[in-house]
Amino acid sequence: MVDRADGPLRPLRADARRNRERVLDTARALFAARGSAASFDEIARHAGVGVGTVYRHFPTRQALVEAVVGGHVAALVDRGAGLRAAADPVAAFLDFFAFVVDRAAADQALLEAVEASIRAPQPLRAALHDVLAALLARAQTAGHIRADLSAGDVHDLIVGCAATQRRARPRGTHANLLAVVCDGMRHR
């Protein structure tokens, strides 16, 4: 469906749907590799469409970024929500922490969204914070994660680990760093 200011919602034609998906797939790949700064011209060229097609589906950079990054953030929220009722709250929290770090390290635009240098849709950002805070609180209540950690602290640790992992990916040193950080969050 496409929202028209001058009329009701109309379904996209098959070719327009294919072009929109091509633009999204291309934007995902370019944003993952280089971040949200990829130009509409570059996206159009790689997608094999005209730049007008990109603008027709995504009239602003923010609309395109939200379409791409919003899906990634929603997947993080879903993963965290699925872990909220896990039998082992510490394992659930650390699993979520590592999952977010790995995903953000593999996708520059997602890393930018997690560190808030680009904007993911507000409800998704709030949901990500809420699920992170809930998992942290359960793990702290179990007595195995430091009580002096806040969700903001954990967020900063995610950003730091993901950025470091992204830089270290060719060297393969990120697993040790992640283990050290996870160990440091544990209650002694």
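Computing the accessible area with a 1.4 Å probe over protein heavy atoms, can you report the carbon and sulfur percentage for the chain? Intermediate results must be reported in sequence, preceding the final value.
Details: 5290 of 9730 Å².
In the chain, the share of accessible area belonging to carbon and sulfur is 54 percent.
Would you kindly derive the ³J(HN,Hα) couplings of segment 87-92 from the backbone phi angles with the Karplus curve 6.51 cos²θ - 1.76 cosθ + 1.60 (θ = phi - 60°), listing them in order in whole Hz, with x for Gly and Pro?
The phi angles translate into 4, 10, x, 5, 4, 4 Hz.
Starting from the Cα of His144, step 7 Å along the direction of its Cβ; do the same at Ala126; then give the gap between the two resulting points in nm.
3.2 nm
Residue by residue, what Karplus-based ³J(HN,Hα) values in Hz, rounded to whole numbers, does segment 96-101 have, using 6.51, -1.76 and 1.60 with θ = phi - 60° and x for Gly and Pro?
In residue order, the calculated couplings are 5, 4, 5, 4, 5, 4 Hz.
Pick from Arg22, Arg13, Arg125: which residue has the top mean-square fluctuation in a GNM of the chain where Cα pairs under 10 Å get a spring?
Of Arg22, Arg13, Arg125, the Gaussian network model singles out Arg13 as fluctuating most.
Under a 1.4 Å probe, what is the accessible area of the chain per residue, stated in Å²? Please report the intermediate quantities before stating the final value.
On the way: 9730 Å² over 188 residues.
Per residue, the chain has 52 Å² of solvent-accessible surface.
Per DSSP H run of at least 4 residues, take -39500 (n - 2.57); add these up for the chain, divide by its residues and hand me the 222 nm value, nearest 500 deg cm²/dmol.
Working: 9 runs with 134 residues, N = 188.
That comes out to -23500 deg cm²/dmol.
Could you work out how far apart the two model spin labels at Ala63 and His187 are, taking each label as a point 7 Å from the Cα in the direction of the beta carbon, and quote it in nm?
Distance between the two pseudo-spin positions: 5.0 nm.
What is the helix-to-structure angle for 151-168, meaning the angle in degrees between its Cα long axis and the longest Cα principal axis of the chain, kept from 0 to 90 and rounded to the nearest 10?
70 degrees
For segment 133-149, take each phi angle, set θ = phi - 60°, evaluate the Karplus expression 6.51 cos²θ - 1.76 cosθ + 1.60, and give the result in whole Hz per residue in order, putting x for glycine and proline.
Coupling constants for segment 133-149: 5, 5, 5, 4, 4, 4, 5, 5, 4, 5, x, 10, 10, 3, 6, 8, 8 Hz.
Quick one: length gained pulling Ala14 to Ala87 fully straight, 0.36 nm per residue minus the C-alpha distance?
On the way: separation 73, 0.36 × 73 = 26.28 nm, distance 4.56 nm.
So the extension gain works out to 21.7 nm.
Gaussian network model of the chain, Cα springs within a sub-10 Å range: biggest mean-square fluctuation belongs to which of Phe31, Phe96, Phe58?
The residue with the greatest mean-square fluctuation here is Phe58.
Using a Gaussian network model on the chain with a 10 Å cutoff between Cα atoms, which of Arg79, Arg56, Arg146 fluctuates the most?
Highest fluctuation among the options: Arg56.
The values are calculated or read from the model by the stated rules, or taken from the named source; none is laboratory data. If you're wondering where the values come from, they're calculated on a predicted model, not measured in any experiment. Here the Cβ is made from the backbone with ideal geometry for all residues, glycine too, and neighbour counts use every protein chain on show. In case anyone asks, the SASA skips ligands and DNA or RNA and just uses the protein heavy atoms, side chains included. Shrake-Rupley method; radii C 1.70, N 1.55, O 1.52, S 1.80 Å.
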